[in-house]
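Since every read-out is calculated from the coordinates, none of them should be taken as a lab result. None of the values given here were measured: they were computed from a predicted structure. We place every Cβ from the backbone using ideal geometry, glycine too, and count neighbours over all the protein chains shown.
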Amino acid sequence: MYTIALIGCGRISSNHIEAFISNKNVMQLVAVCDPITERASEKAAEYKKVILDSKIVIYKDYQLMLKEIKPDIVTIACESGKHPEIAITCLRSGCHVICEKPMALSTKDADTMIDTAQKNNKKLAICFQNRFNTPIQRLRTAIEAGRFGRLLHGMVQIRWNRNEKYYAEASWRGTWEQDGGTLMNQCTHGIDLLQWMMGEDVVRVQAQTRRFLRPIETEDFGAAIVEFKSGAVGIIEGTADVYPANLNETLSIFGEKGSAVIGGLAVNRIETWRFADAGLVGDTEEKVLDPNQKDPPTVYGFGHAALFMDFIKAIETNQEPLVSGIKGKKALEIILAIYKSQKTGKAVDLPCDFSTLEMTGEFK
C-alpha cells in the first residue's frame, strides 16, 4: 500500500480524490495540503465519505508535511506557476510525483524537474489523463498497428468557454507568471494528444494568438500550424470564447489508409472511424459508432484513475509511466513555441527555449 499526499485543493483536486478512491487497494491518502486549510479539510472529507475511518492530516505548509508525513507519492494540483518548485522539493525529499498539467511554464523549469527525478531515482508523471480515454486508447492502438498507413495531417479543436467569473475565482488565472493562457491551460490536453498520435517529433511551429474577450493578461484564442519530422502537418485551434458554454474538444487524424475523429465534450466519443482494412479486421464504422454514448459531467473526463494506476505500475516495474516528465514536456514546448511565434511574428524551430514570462506585456 502506497501512502499518498495531495498538494493543492482547488478546482481540479476532486479528480485526484476520486482517483485515490478508485485505486484504494494500492494507495492510501494520508495528508492534504493547501494554504487555505478549509479547502484542504473539504478534500479530506470527500475522501472520508467513501474510505471510512481514514486518518488524514491537514497541512498549510507542504514542506512541513513532507518532513512529518514522508509520503511515498505526492500529487500536485495547485496553480501552474508553483508546480516546478513544489515538484522539485518533493522529488528531493524522496517522493514520487504526479503533477497536474502544465508541468511548468518554461522549458528550463521542465528540464530541471525531469533531471531531479532522474537524479533521485523517482518517478515523475504529468496529468494528461485524456490519453486514457477509451476512444483515445483505441485510436492509439490503430496507429501502432499501422492502420492509417502514412500519417498526413491531424487537427485538434478545443472550443470551450471560460467566462469572467472563472477568472475572478482565482487571481493567478490568465497571468503569464502563474498560468499562461487558454493554450497552456485548457488546450494543453488536446495538443498533447495531437503530437502523441502524429509522432512526438514536432520540428517547427507557426502561430497566431489573440486576447479577444477575457479580462486577462494572456491569450484566450490561439491557432497554429505544426510541422512534424515526417513532413506531416498538425493544426491547432483553441479558444475560451465559445458562446455560451463549452462546445467540444475534437481530435482528427488522417492517413493514406484511414480517417478517425474523436469528439464529444472532451475527446470521449468516436465520431468517424474509416479504414481500408475495416472489412478484414471486422472493425467497421457501423460497429464502432455508439449514438448512445454520453459526455462526461465535466471536461476533465474519467482518466485520472487509470493514469494513477499506470503510475503505480511504473513504480513497481521500474518503468516509465505513460506520461513521464519527458513525455509531458513535449506539449509544453509546443505551446511555448506558439507563444514565441506570436511574439516574434516568425516560425519557431524546436527544440525551443522559452518562458511565459517573456510574453509579459504582449497584449496591452
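Near Pro215, within a Cβ-to-Cβ distance under 15 Å, what is the net charge of the other residues, with Lys and Arg +1 and Asp and Glu -1?
Details: positive: Arg162, Lys165, Arg173, Arg210, Arg211, Arg214, Lys364; negative: Glu164, Glu169, Asp179, Glu217, Glu219, Asp220, Asp241.
Here the charged neighbours net out to 0.
Would you please give the residues with an amide H less than 5 Å from that of Lys257, counting only those at least 5 places away or on a separate chain, with H modeled from the backbone geometry?
Gly149, Arg150
For region 254-358, just run the numbers: alpha carbon Rg, then divide by 2.2 N^0.38 Å, N being how many residues it has.
Expressed relative to 2.2 N^0.38 Å, the Cα Rg reads 1.48.
Tell me the net charge near Leu332. Cut-off is 10 Å between Cβ atoms, Leu332 excluded, with +1 for each Lys or Arg and -1 for each Asp or Glu.
Once positives and negatives cancel, what remains is 0.
Fewest to most neighbouring Cβ within 10 Å: what's the order for Met103, Met65, Met1? Numbers along the way, then the final one.
On the way: Met103 28, Met65 24, Met1 9.
With the sparsest Cβ surroundings first, the list reads Met1, Met65, Met103.
Tabulate in residue order the Karplus-calculated ³J(HN,Hα) for region 121-128, using 6.51 cos²θ - 1.76 cosθ + 1.60 with θ = phi - 60°, rounded to whole Hz; enter x for Gly and Pro.
Going residue by residue, I get 6, 10, 8, 10, 10, 10, 7, 9 Hz, with x marking Gly and Pro.
Dividing the Cα radius of gyration by the Kirkwood radius, what Rg/Rh value follows for region 125-268?
0.99
Any idea what angle helix 304-317 forms with the longest principal axis of the chain, computed on alpha-carbon atoms, 0 to 90 degrees, nearest 10?
Value to nearest ten degrees: 80.
Which of the cysteines found in the chain have nothing to pair with, since no other Cys Cβ lies under 4.7 Å from theirs?
Cys9, Cys33, Cys78, Cys99, Cys127, Cys187, Cys352
What size of dipole, in debye to the nearest 20, comes out for region 234-364 about its Cα centre when the only charges are +1 on Lys and Arg C-beta atoms and -1 on Asp and Glu C-beta atoms?
Around 280 debye, computed over region 234-364.
Give me the lysines in straight-line cross-link reach of Lys123: C-alpha distance below 24 Å, same-chain residues under 8 apart excluded.
Of all the lysines, those that pass the test against Lys123 - Cα under 24 Å, at least 8 places apart if same chain - are Lys24, Lys67, Lys70, Lys82, Lys101, Lys108, Lys313, Lys327, Lys329, Lys330.
When the Cα centres of region 199-245 and region 269-330 are compared, how far apart do they sit, in Å?
When both Cα centres are located, 23 Å separates them.
What is the order of Glu256, Glu79, Glu219, fewest Cβ neighbours within 10 Å to most?
Glu256, Glu79, Glu219
Placing one identical point scatterer on every Cα of the chain and ignoring solvent, what is log10 I(q)/I(0) from the Debye formula at q = 0.14 Å⁻¹?
Taken in order of the listed q values, log10 I(q)/I(0) reads -1.21.
Using the Kirkwood formula on the Cα atoms of region 265-318, what hydrodynamic radius do you get, in angstrom to one decimal? Let's see the in-between values first.
On the way: mean 1/r = 0.0715 Å⁻¹.
After inverting the pairwise mean of 1/r, the radius is 14.0 Å.
Give me Ser13, Ser171 ranked fewest to most by other Cβ atoms within 10 Å of their Cβ, as a rough exposure proxy.
Ser171, Ser13
Expressed in nm², what is the orientationally averaged projection area of the convex hull enclosing the Cα positions of region 99-178?
8.6
In whole Hz and in residue order, list the ³J(HN,Hα) couplings for region 28-37 that follow from phi through the Karplus curve 6.51 cos²θ - 1.76 cosθ + 1.60, θ = phi - 60°; x for Gly and Pro.
10, 6, 10, 7, 10, 9, 7, x, 9, 5
Let me check I've understood the local charge: for Ile136, count other residues with C-beta under 12 angstrom from its C-beta, Lys and Arg +1, Asp and Glu -1. What total comes out?
+2
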